[in-house]
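Visitor: Can you keep this structure in mind? I'll have questions shortly.
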Amino acid sequence: MMAAGAKRKGEMGDAPGAKRTPGHWSLGLLSSMDDPELRVDADDKLVIIKDKYPKALHHFLILPKEKIANLKKLKSEHIPLLKHIHKKGIEIAEKADKNLQFRFGYHAVPSMSHLHMHVISQDFNSPFLKTKKHWNSFTTEYFIDSKDILDQLEDEGRVETNTTENEQLLKRKLRCHKCSKMFSTMPALKSHIVLHNVSKKKS
Ligand code: AMP
Ligand code: ZN
């Protein structure tokens, strides 16, 4: 695994218009699906991998085996698949830590190609979580709950996301996801969030 402080491409916001040729970082999830170091489970419909740069104690990605590039490609026929992905998300979260709060969802404007659902524990305790973009991508409406994607697909037969509006969400001021307190720097926010109890059964 790359050191937390190392510079790399591939986490939202690379050169606009960069070509996605084979080997391009944005296609990295495809090779990670077959990487025994990252792959944690699979069945005939999907693969579960560990996020290579986890933004919390437990952070998985669930990818369908069917080639679906992103949310925009979803159709009503994918509803059973998305329900299955959600169910497997709950299972892997329970297995990782049944006492921790998790969220299951999709980034409105993903940086990586191939549809993937994030399964992420709500401690956000990770050295890889460094930037405002990271924070806002998991704690604003940029993170769309899997249940909301399913509702939209069931109601409208497709999923619509507005790229420009969503990209604005990443620039929002830093706000604690638990108590809404505002912070001006990531280190200040990160020392604050450890004070919150994110277990399902709060003491
Ligand atoms: P997004 O496309 O914004 O939904 O997020 C992509 C996620 O993939 C991020 O959480 C990254 O940390 C993670 N990631 C980036 N490259 C890889 C890779 N090669 N293998 C596994 N996870 C990755
Ligand atoms: Zn707080």
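Derivation of every value follows stated rules applied to the coordinates shown; laboratory data play no part. Predicted model, so just to flag it, every value in this text is computed and none were measured. Cβ: placed from backbone, ideal geometry, glycine included. Neighbour counts: every protein chain shown.
Visitor: Tell me the net charge near Pro64. Cut-off is 14 Å between Cβ atoms, Pro64 excluded, with +1 for each Lys or Arg and -1 for each Asp or Glu.
Guide: Details: positive: Lys45, Lys65, Lys67, Lys73, Lys75, Lys83, Lys87, Lys88; negative: Asp41, Asp43, Asp44, Glu66, Glu77.
With Lys, Arg at +1 and Asp, Glu at -1, the neighbours total +3.
Visitor: Net charge within 12 Å of Glu94 by Cβ-Cβ distance, Lys/Arg positive one each and Asp/Glu negative one each, not counting Glu94 itself? Kindly include the intermediate steps, with their values, before the conclusion.
Guide: Working: positive: Lys87, Lys88, Lys95, Lys98, Lys200; negative: Glu91, Asp97.
Residues close to Glu94 contribute a combined charge of +3.
Visitor: Run lengths n ≥ 4 of DSSP H only: what is the helix-derived mean residue ellipticity at 222 nm for the chain, with -39500 (n - 2.57) per run over all residues, to the nearest 500?
Guide: The helix-only estimate for the chain comes to -8000 deg cm²/dmol at 222 nm.
Visitor: Are any of the pairs Lys75/Lys173; Lys50/Lys178; Lys83/Lys190; Lys50/Lys201 more than 29 Å apart by Cα-Cα distance, and if so, which?
Guide: As for pairs spanning more than 29 Å Cα to Cα, those are Lys75/Lys173; Lys83/Lys190.
Visitor: If you don't mind, there's one more thing I want to ask. Quick one: Val194, Val40, Val119, Val109, fewest Cβ neighbours within 10 Å first, how do they rank?
Guide: Ascending Cβ contact count within 10 Å gives the list Val194, Val40, Val109, Val119.
Visitor: Only sites in a loop by DSSP and with at most 10 other Cβ atoms within 10 Å count here; which GluC sites (Glu not before Pro) in segment 105-188 make the cut?
Guide: Taking segment 105-188 and a limit of 10 other Cβ atoms within 10 Å, the loop GluC sites (Glu not before Pro) found are Glu160.
Visitor: Here is a follow-up. Using only the alpha carbon atoms of the chain, find the Kirkwood hydrodynamic radius as the inverse mean reciprocal pair distance, in angstroms to one decimal.
Guide: 17.6
Visitor: Trypsin sites (Lys or Arg not before Pro) within segment 39-121: which are DSSP loop residues with at most 16 other Cβ atoms inside 10 Å? Don't skip to the answer; put the middle values down first.
Guide: Working: sites: Arg39, Lys45, Lys50, Lys52, Lys55, Lys65, Lys67, Lys72, Lys73, Lys75, Lys83, Lys87, Lys88, Lys95, Lys98, Arg103; in loops: Lys45, Lys52, Lys55, Lys65, Lys67, Lys75, Lys98.
Passing both the DSSP loop test and the Cβ count: Lys45, Lys65, Lys67, Lys75, Lys98.
Visitor: Shifting gears a bit: From Cα pairs below 8 angstrom and at least 6 apart in sequence, can you work out the relative contact order of the chain, rounded to a whole percent?
Guide: Once normalised by length, the contact order is 21 percent.
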